[in-house]
Each structure stands twice: as C-alpha cells, then as structure tokens.
Amino acid sequence: MSKDSSAQPADVLRPRHVGAPIKRTEDPRLLTGSGEYAADRKPDRPLHIAFRRSEQPHARLTRIDTAAAQTAPGVFAVFTAEDIAEDFKPVIPFSRMANYYATPIMPLASGKVRYVGEAIVAVVATSRYLAEDALELIEIEFEPLGTVSRSELAVAQDAPLLHEEAGTNVLIAREFKKGDVEADLKSAAVRVSGRFEMTRKAPLAMEPRSYTAEYDVRRGAITLYTSSNIPGIVRDAISESLGLPGSRLRVVAPDVGGSFGSKGSLYPEELLICIAARKLGRSLKWTADRLEDVSSSSQAFAEIVDAEMGFDENGVAVALQADVLGDVGAYSIYPWTCGLEPVQVVSFLPGPYKIRSYRGAVRGVATCKPPTGPYRGVGRPISTFVAERLMDLGAKALGLDPMEIRRRNLVCAEEFPYRIASGIIWDKTGFVECLDTAGAACGYEQLRVRQAEARSDGRLFGIGIASYAELTGIGSRIAVAPGMPINTGSETAKIFIDSTGAITAAFGVASHGQGLETTLAQIIADDLGANFADIRVIQGDSDAVPMSTGTYASRSAVLGGGAAKHASALLRDKIKRVASHLLEASHDDIEVSGGKAIVIGTDRAVTFRQVAKAVYSDMKTLPVDAREELSASYTYDPINGTTAAATHIAAVEVDPATCFVKIQKYVVAEDCGQIINPMIVDGQVHGGVAQGIGAALFEELVYDEDGQLLSASLVDYVIPSAPEVPDMDVVHIESESAVAGGFRGMGEGGTIGAPAAIANAIADALSPFDIDVNLLPMTPERIFRLIEQAKLKAKEKSE
Amino acid sequence: MKPARFEYVAPATLDAAVEALAAANGEGKVLAGGQSLLPLLNFRMARPTVLVDLNGIKDLSFIELRGDSVAIGALTRHREIEHSPLIASRLPVMSAAMRHVAHLAIRNRGTIGGSLSHADPAAELPMMAMLYGASLTVQGPGGRRTLMAKDFFVDALTNCLEPEDIVVEIEFPILQHDGWAFEEVARRFGDFALASIAISIRRDKSGIEDARVAVMGVADTPLRLENVEKQLCEIEVDSRMLDRFSELVTSSVTPNSDLHASAEYRKHLLGELAKRAMRTALAAKG
Ligand SMILES: Cc1cc2nc3c(=O)[nH]c(=O)nc-3n(C[C@H](O)[C@H](O)[C@H](O)COP(=O)(O)OP(=O)(O)OC[C@H]3O[C@@H](n4cnc5c(N)ncnc54)[C@H](O)[C@@H]3O)c2cc1C
C-alpha cells in the first residue's frame, strides 16, 4: 500500500467534511430551475439548426435537392455533406487493437446512410419552427442497399456490407484465453450453459443532447456549450478536425442533466454546429428532441452471449468460456471505438471469481442502428448477468445454496491482489464481506423461509443474488477502451486563493449529476483546511485546465479527488509558509483548519483573507521572495486504478395472473472504499438500481426487420417510474484502498448488479416451472410466454 | 418536433367556437386539455390550419344530477370527475376508473370531451361511456343533436363527428345496480391499459338480474359485451361461475398484438381480470 491513504495525525483533529452527509451545493439552483444547461445559453441573435434525418436504414444518397428549403422563410443556410466537405477532417476513432476497423465520424451522412435517424442535411434558420418547416421541402432520393437488422444477419455470408472498405461487417474481433478450457470443461463434475441476451437499451438522460456554439467575431473563436461529460475530449477532437487551436476553441459542459454514457462520445452534431458557426460567423443552437435523442444518441447492450461454466464436485468453478456477439450499430464512436461495450463483456466475464481457465471471444458487428457506446456499467451489466446466471445454474445442478456457491468461488481477503483469468487485477476489496453483509441485511435465512411458505401457497416467490467487481479510477497503465491512444489515466486540479481570500478549484472532470461540485469541495475543505462554503468548484471547462478527458468510467472521485488532495496539500504548505512569517512561528507549529492558519495550542491565528492580503495586496508585510502566489496545481495518476465491488440481493414475486414482477425486497452491500458523502453514494446506488430495474424488466429499443425503431417515444420505450422502484437498503463496506484518499469509484455499480440479481430472482421464482431466464428485459409478455411453454411441455411429458 | 404553422382562436362562447370551426373549412381542430392533441401537432401527425381553444368557454365545465342521469360538460377535467362526490355515489365504476387515467398532471388538464373525441382504444372514459350507455350532445353549424356512445366510437382514434362538430356534454344514465368492479392492468401506474374490464350487476335471489360488461385495450374501440350481459343473467352463481364468466368474456374478443402485448397475452389478462372483477362485484352483496 502506498503512503497516499495513510491518515496524517492532524487529520484526526480537524473537523471532517469527507464522510459527512453534506447536502449537495448544486441542488438549490437545479431544483429551483436556476441551473444553466447548454440550451439556456443566450448568445447574441442565435440561429437554430434542425436536421433532416434518414428514414432509410441503408441506402445510397443518389440526389439531395435543397433548393426549395434554401428559399423558405427564415432560412439562413442549408448544408449537406458536400457543402462542408472542405471545412473539416473526419475524426477517426483509432485503436491499436488488431482486427478492428475504425469507421470515420462525419458531421453529416456522405454517400450513403446506415441507420434510420442519421443526419443528412442541416437547416439553419431564425427559429427551430421555421427550420423544421424547411426540412419538409428537402427532397432526397435513396437507393436502398439492403437492411442489416440483426447481428446474426450481419455475419451471414451474403449480408450487405455497411462499410465496403472494411470488407466485412465484423468491425472488431478479439479473443482472451487462459489455461486449457476444453480439458477443464471435460473433466468438470458439472457443466452449465446457456445463450444469454440483453437487448438494446437507451441511456435516456432527462436532458436530451444539446449544443450552443457561441461565435466570437472579434477573435474568430468558438465557445461550444455542450451537454457532454467529456468536454476536454470534444475540445481536442474538434480542434484537430477544424484546425482551431485551443486558444480559439473553448468547450464547456455547463449544468448537464444526466448522461449515463449517452453524452460520453463526440457526436456528428457537435462537429456540425462548430463547422456551421465558423462558416456563417454566427452563434448557433441545437437541442435534440426526444425522438432524436432516442434514435441518434449512443445506445447500450445489444449482445448475445453463448456461455458455459464447469464446476468440480465441490462447487468450485474451474472453467468458463463465452462467445459474445455484439450488435454495435452502424459506426464506431469517438474516442472509445465500437469495441468498448462488447470487449468489456469478455474482459469482465470471470468477475470476482477464481476461475482457473477461460476463453472469451467477441465479435462486434455493424448493423443498421445507431452506434452503441458507453452506458453506465459498460459491458459489466451483461457480463454479470451471464456469470451470475451460470453460478445459479451451477448451484442448482450441484444442490448448493446460491449464497454458498458464491462463497466458494469469490476471491477472499488473503488472496488479493488477484489476477482473474481474463487478466484484470483486483486490488484488495471486500468481495466476501459484501456477500455476507448483503445476506445479513436482507435476512437471507428468513427470506428462504418466506419463500418456502409462499411456494406451499402456490405463489411464485424468488430470491436472486448478484456479486460483481469492477475497475474504477483507472490510471495510465490501462486504457479505458482497448488500444485507445488517449490518456485517460490522469486528471488535474488547480486550486488558488485570490486576493479576497476566496478559493477557486478548477477541474477538467465534468459532473453531470454525480454531485462533484460538492464532493470535491469536501475533499479540499479537509485537505486544505478551508471553510467548505468558501470553495468554488469549476469543472467541465476546457479553459480551466490544460487537458482533461472528463467524467466517465467511475473515475472522477478517484482521479479528480486524488488531484484535489495533492493540490490541496501543496497549497496548504504555501499558506503555512506565509503564516509562519505573519505569526512568527515555525512552519511545523502551524496547523491550517477552518480557513485559518493557527499556531498549534494557542489562539494566535491568521485567516486566509489576511494571508492573501499579505501576499498580494500589501507591499510591506512579507519579504518579496515570500510572496508566493497562493496557487497549486497537481495532475494525479493512480497508475492502476482501484477495484469496487458489491453484492445485490433481490426478492421478487411473480403474479401468475398478470405475469408482472413485483420486487419485494432489495438490498445492496457495496464497497466503494472511503465514502466522501454517504448521501450522494446512496443516491448513486438508488439511481443505478432504478436503471438496472429498467434493464431487467422494462426497457427495450425495438427495431423491426426494416431497421425502423418501433419504440421511439416514451409511450413505447418504457422506463421504470417511482412506483416501480422499491425501497432499498444500501449497506457500505469501506475497505481500504491504496489510491489517494482511499476512494473507489461507485457511480456505475447499481446498473451492474441489478439486472443479474433480478434475473436470478425471477428464475428462482419460476423454478417450479423449470424456466430459465436468459433474456432481459423480462417483460410480462415474455414471462407469459415462458410459463405457457413450460405448461405445454409439462403437459406433453405427462401424456 | 415543432408543430406546423396554425392560426389560434380563443372564442368565449360555444356558438363562436362552432362558427370559427366552420370557417376553417374542415381544416380546424378543437383544443381542450391538449394532452393528446399537442403531441400529435408536435409530431406533425395533425396539421390543422386553425386551432379553436375551448378553454375560455366556462359553461362547458360542470357535473350535475339530471333526473336518472349525471350530465358532464365536455370541458370538465379528469381531476374534477375523479374527486366528484356525485360521481362517486351515482357512477361508482367511473369514479374507480378515473384513478387509472394517466398521471396527476395530465388529469389536471385532460377533459372528458377530449378523451371521448380522441377515442383511444385503451382509454377509460370512452369505456365508461360504453358501459353506462352514455349519450353525447354535439353542436355543429346545423345546431345540436344527440349521439349514442355505441355509435360514436368508430375505430381506433376515430369518432363519428364531422370536422365542425363540438361535443358539448355527455349524459350518463345511473345504473340501479348493487355490485360493480373495475379492473385494469397497465405496464406502469398511469399508462394506457393493456387490458381492462368493468362490470356492474344487480342480483336477485337466484342469480344476476341485470348486468353491464365493458372491456377495453382488447379491440380497436372499447366494447360493451351485450351478449355476455345476457348470458350472465342466465347462468348460476356457483363455484364454476367465475371461470365461465371469464370464458364468456375472452371468447367474445379478438385482441390485436402490438409492441407491449401479444393478442394471446391480452386475452389471458382479460380472462384473469374478468375473474377478479366478478369476484369483487359478487362480494358487494349477498
Ligand atoms: C403520458 C400520457 C398518458 C396518458 N394516459 C392515459 C390513460 O391512461 N388513460 C386515458 O384515458 N387517457 C390517457 N391519456 C390521455 C389524456 O387522458 C388526454 O387528456 C385525453 O385523451 C384527451 O383530452 P384533452 O382534453 O387533453 O384533449 P385534447 O388533447 O385537447 O384533444 C384531443 C382530441 O379531441 C378533440 N376534442 C377535444 N375536445 C373536443 C370537444 N369538446 N369536441 C370535439 N372534439 C374535441 C381535439 O380536437 C383532439 O382531436 C394520457 C395522456 C398522456 C400525455
């Protein structure tokens, strides 16, 4: 363990903000409608963009006639790919992965379209209404090229190719291997297997994607206000594409109303709005409507996994193999590539378990759908679903309790750090502690008694467990997305005290609901010795730090928080040095706390304000060489990152009359290391589980054989609302972690555990029918069919 | 997702509204609560040239007892019906159904005239109109006339009105019954129904003397199952009664399959709901 996490003696004395349930400082403005989202920007006489999008799934664009639209009332400009061809360089989602084809990101479809909803023409007008009127006047001729509607069809011999240059629809293929899986499976006492699927899902942030490009005529500069969680990456990519240096391109993520991954990639519309702003010399606005957001923002899952697990007679899992077919949609995304989601499935499949041998193969194939991209949990919701289903199938075959089989396979305390069969290394985390704690918190034994009683009344009551581990706060040794050339391993904090004694802390991380404004200030308050209320946190602004990649992959508390700790310590030292002059005391006798430097054990103290005055405004008090600027900057890289883990337990009842699933109990025991703010941690778990319930029971983007999205509105795309989300108990295990502050990332975990736990609970509830749950979401319709089929099978058997 | 251009008029009287609508040459639309119409406008699925806003016509909003009936003004909000003691005591099935209509914010705006005119096959108020055998008073350029609910609903989202007609009020005959029930299943609280059944019965010593049965979500319009009503008066109230009723109901519908439910599942749901509903209705007395 590094010295980072060892508490310093002074820490014990000072009041602690870290660990306290402080109310979120961002909430008053957000909850009273005073937040400022990208769409709230009011630049001078902005123009509005509307996009004509493809109604064809795969077609050559043979003719686009925009003449009538150009002369429509209020229209300023109409752009097709041809009109802007000279204004940018395509953005390439590069990766060093073998067997990967990088599809370029273009602002508008050029040559052909590859999914329904792809933007073809942009109309710029004085209002969105008039822009949409003009869209109707555009004539487009399509030459259909054949729909690739499902991943199985994409890999067929005669499938139409979405990207002819790639020579195949398989955009990424990869295999992980350790040990002799075949032999281990052969000698296994029990083998269980299945074909598992999680259908396509929308991340569905409350705020749709939204961009305002403000053009500064004086400097020929653009400030892009974007609902992004990666403003730094967006800045770097657009800078490169448009040839605009950072001094003339600022990218700001203001208040952002959720992302869940859907705002975590560079979008064609972000490129287009900057290209058009520069071309027209005007400020521009665009906000996706719900239809555009659902049908063109990056989507999630869409994977089919054929998997098999072998156990020895003691219930120890010895071998695991899986073939993953990922339907990645029409394009790779920038910067993560189309490999992000499906490759993560195979790299995380062994989960928190000590499985000896492993083979995981993955193919990501192009289909006529919007790209899949990062979604809260990336890969792990489905890898956990598959591994946890297999664990339960193994338990059933061996006559073991699901709790017991997990205990026999989880990596235990003395075995860390542990390298699982896919190569990921888990640092010391409370895997077994999470399992035991969740079991105790839900009253596992009593639940089983309750289940027995329910069964004897003919009711369908089931209990499901899911344990998982994830890598969070990943440092520079591991690429967040496979083979990606961007540095995702560090984040910067710049803290300064101005001449009024106020503290400004600037970060490149970009909160979009996580409450970083609060938690980062909590860390600084403790480590700098400042008053919490005196700290202003700036984030999501590319001008604030030289480089940043943003908030994703459960990294911001670890990397941003780590940077904050280090920068605070540097600045605290400076304060001490000034204070030792002012108080005529030795540096070592000074303690900084509550916005003051104090001579320990006395009432002699100077406030930050007095310190600032002495440094900046007063020419006499300090010698010149002691007037050090009160600022510190630190770029923190946790090198490896740190593990986070949890066990979820769900108890459900299936109503055989309606086939609805009711969640009767839900418990999460999670280990996110040192908690910064328990209220925020609980909120993240609650929200994550709610989304996981969506994945397990409700949400599905349904595309038909012609590539048309059938569930394109919130009437048809069903998300859980408050009555569908049960009360949950969240228990915390704060085990030590070696990164700065001992924080582990925890923003994603809820969505990882919930689908698996609920799937297992439903399978357990339906076990009187001998039904396997291998497809999510388990809608009432699907449960109805499974029960009908099971009844039919039972009838055939008895006849 | 912005509506195409339209003119907006907000008349203060019904006569003025009818006149404005007539002047639009079939291209006009009435705006009531806007909860169904505005999404259609935003998707440009409806493109009226004139929107005639009824919200300023105050005398279109009322609930009153009129002899053996309850009359409700077309502009009466869902929320007022939901909380009306008169409705609760005289039209109890309707009162129970109202809780299933959308969400609070939508019930605050949505109107009975709008709901009936919109004619969603999975909406509660059209089903209530069928169950109670309601009559609608309609005003057009030629004056007022009365339409029966069973003639009003033509198809999914289609009624029998002419473009210049406005629904003025709806009269619901009070049923002299002693048992009733309303059952519905929707994906989420407040969603449109996957299947629903409403029944109302009067019992005599030997069995059921008079019955009303209506269903929705299982056809292109809400249905009143008069055939089932008749047979109910002939079957015995015994241990097999619930199953027989359920069979009668399911065998008289042929639901459609859609994104949310297959025809088979809807039928299954309806059968289960029929049993629940009859159990409740029978338990009310005897
Ligand atoms: C999210 C959501 C969920 C919903 N869930 C349900 C539900 O579960 N059950 C349910 O029943 N409804 C539901 N609704 C619909 C809601 O009840 C609507 O309010 C209702 O269908 C229409 O009423 P309105 O007053 O808003 O009509 P409007 O939207 O104003 O009008 C609807 C149509 O009726 C016409 N119209 C309105 N008034 C008259 C009149 N007096 N004469 C002639 N034509 C008229 C309009 O021209 C338009 O064509 C839901 C709506 C939403 C948005």
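The values are calculated or read from the model by the stated rules, or taken from the named source; none is laboratory data. Computed from a prediction, not measured in an experiment: that's the story for all the values here. Neighbour counts run over all protein chains shown; Cβ positions are idealised from the backbone, glycine included. Quick note on the areas: whole protein, heavy atoms, side chains included, nothing else; ligands and nucleic acids left out. Shrake-Rupley method; radii C 1.70, N 1.55, O 1.52, S 1.80 Å.
Some observations on this one:
- For chain A, with +1 on Lys and Arg beta carbons and -1 on Asp and Glu, the positive-most of A:THR779, A:ALA131, A:GLY742 along the dipole: A:GLY742
- As a fraction of the 1.4 Å probe accessible area of segment A:283-380, surface on carbon and sulfur atoms comes out at 50 percent.
- Taking 7 Å steps out from each Cα toward its Cβ at B:GLU236 and B:ALA12 produces label points 6.8 nm apart.
- For A:ALA421, nonlocal amide neighbours, meaning residues 5 or more places apart or on other chains whose placed amide H falls under 5 Å from its own, are A:ILE355.
- Reduction of at least 10 Å² in accessible surface, 1.4 Å probe, comparing all protein chains with the chain by itself, residues of segment A:103-149: A:ARG128, A:TYR129, A:GLU132, A:ASP133, A:GLU136
- Computed from the Cβ-Cβ distance with R0 of 41 Å, the FRET efficiency linking A:ALA790 to B:THR158 stands at 0.55.
- Counting only DSSP beta bridges with both residues in chain A, the antiparallel share comes to about 80 percent.
- Label-to-label distance for A:VAL217 and B:ARG44 is 3.2 nm, based on points extended 7 Å past Cα in the beta-carbon direction.
- Euclidean distance of C-alpha centroids, segment B:117-137 and segment A:142-160, integer Å: 46 Å
- Taking the accessible area of segment A:34-154, probe 1.4 Å, and keeping the other protein chains in place, the carbon and sulfur fraction comes to 51%.
- Given R0 = 56 Å, the distance between the Cβ atoms of B:SER257 and A:GLN446 translates into a calculated FRET efficiency of 0.85.
- Result for chain B in a Gaussian network model with C-alpha springs under 10 Å: among B:ALA186, B:ALA214, B:ALA274, the largest mean-square fluctuation is at B:ALA186.
- For chain A, the square roots of the Cα gyration tensor eigenvalues, ordered a ≥ b ≥ c, give a/c of at least 1.5 with a/b no greater than b/c, which places it in the oblate category.
- The packing ranking of peptides A:232-244, B:54-66, highest mean first, is A:232-244, B:54-66, where packing means the average number of other beta carbon atoms within 10 angstrom of each residue.
- Segment A:GLU165-A:GLU453, extension gain: residue separation times 0.36 nm, minus the distance between their alpha carbons: 97.5 nm
- Average beta carbon contacts from partner chains per residue of B:189-196, 10 Å cutoff: 2
- Overall form of segment B:7-53 per C-alpha gyration tensor (a/c, 1.5; a/b vs b/c): oblate
- DSSP-assigned coil residues among trypsin sites (Lys or Arg not before Pro) in segment A:128-200, each with at most 13 further Cβ atoms within 10 Å: none
- Pairwise centroid distance, computed over Cα atoms, of segment A:573-588 with segment A:615-681, Å: 33 Å
- Volume per residue that the Cα convex hull of chain B spans, once the total is divided by residue count, Å³: 124 Å³
- For the residues of B:258-266, the average number of beta carbons from a partner chain within 10 Å of their own beta carbon is 5.
- For A:LYS428, the aspartates and glutamates whose Cα falls under 20 Å of its own Cα, not counting residues fewer than eight places away in the same chain, are A:ASP4, A:GLU414, A:GLU415, A:ASP436, A:GLU470, A:ASP637, A:GLU670, A:ASP671, A:GLU734, A:GLU736, A:GLU748.
- Packing-based ranking, highest mean first, of A:79-91, A:255-267, A:351-363, A:473-485 given that Cβ atoms within 10 Å are counted: A:255-267, A:351-363, A:473-485, A:79-91
- Threshold 10 Å² - residues in segment A:700-722 whose accessible area is reduced by that much or more when the chain is no longer isolated, probe 1.4 Å: A:VAL702, A:LEU710, A:SER713, A:LEU714, A:VAL715, A:ASP716, A:VAL718, A:ILE719, A:SER721
- Normalised per residue, the accessible area of the protein assembly as shown is 38 Å², obtained with a 1.4 Å probe and no contribution from ligands, DNA or RNA.
- Residue order by solvent-accessible surface for A:THR199, A:THR607 is A:THR607, A:THR199, largest first, with ligands and nucleic acids left out and a 1.4 Å probe.
- 3J(HN,Hα) couplings calculated from phi for segment A:397-414 with the Karplus curve 6.51 cos²θ - 1.76 cosθ + 1.60 (θ = phi - 60°) are, in sequence order, 5, 8, x, 9, 6, x, 5, 5, 5, 5, 4, 6, 10, 5, 5, 9, 3, 7 Hz; Gly and Pro show x.
- Label-to-label distance for A:HIS587 and A:THR71 is 7.8 nm, based on points extended 7 Å past Cα in the beta-carbon direction.
- Length gained on full extension, A:GLU152 to A:ARG477: 113.5 nm, using 0.36 nm per residue less the C-alpha separation.
- Taking amide H atoms as placed 1.01 Å from N in the peptide plane, the amide H of A:VAL480 lies under 5 Å from those of A:THR488, each 5 or more residues away in sequence or on another chain.
- Total accessible area lost when A and B pair, probe 1.4 Å, Å² to nearest 100: 2400 Å²
- Alpha carbon centroid spacing (whole Å) that separates segment A:351-380 from segment A:771-799: 27 Å
- Average silhouette area of segment B:156-286, convex hull of alpha-carbon atoms, in square nanometres: 9.5 nm²
- Pairs from A:LYS662/A:LYS797; A:LYS574/A:LYS620; B:LYS150/B:LYS205; A:LYS576/A:LYS596; A:LYS263/A:LYS662 whose Cα-Cα separation, in the structure shown, is over 21 Å: A:LYS662/A:LYS797; B:LYS150/B:LYS205; A:LYS263/A:LYS662
- For residues of A:282-290, the mean tally of beta carbons on other chains within 10 Å: 1
- For A:VAL251, the residues 5 or more places off, or on other chains, whose built amide H falls under 5 Å of its own are A:LEU224, A:SER542, A:ASP543.
- Using a probe radius of 1.4 angstrom, the carbon and sulfur fraction of the accessible surface of segment B:179-284 is 43%.
- Sequence ranges A:205-214, A:324-333, A:755-764, ranked by mean other-Cβ count within 10 angstrom, highest first: A:755-764, A:324-333, A:205-214
- Per-residue [θ]222 nm for chain A (sum of -39500 (n - 2.57) over DSSP H runs n ≥ 4, rounded to 500): -8000 deg cm²/dmol
- Under Karplus coefficients 6.51, -1.76 and 1.60, residue-wise ³J(HN,Hα) of segment A:71-85 in Hz, glycine/proline x: 9, 5, x, x, 7, 9, 7, 10, 10, 10, 4, 4, 5, 10, 3
- In this structure, B:ARG144 and A:LYS23 have a Cβ-Cβ separation that, at R0 = 56 Å, corresponds to a calculated FRET efficiency of about 0.40.
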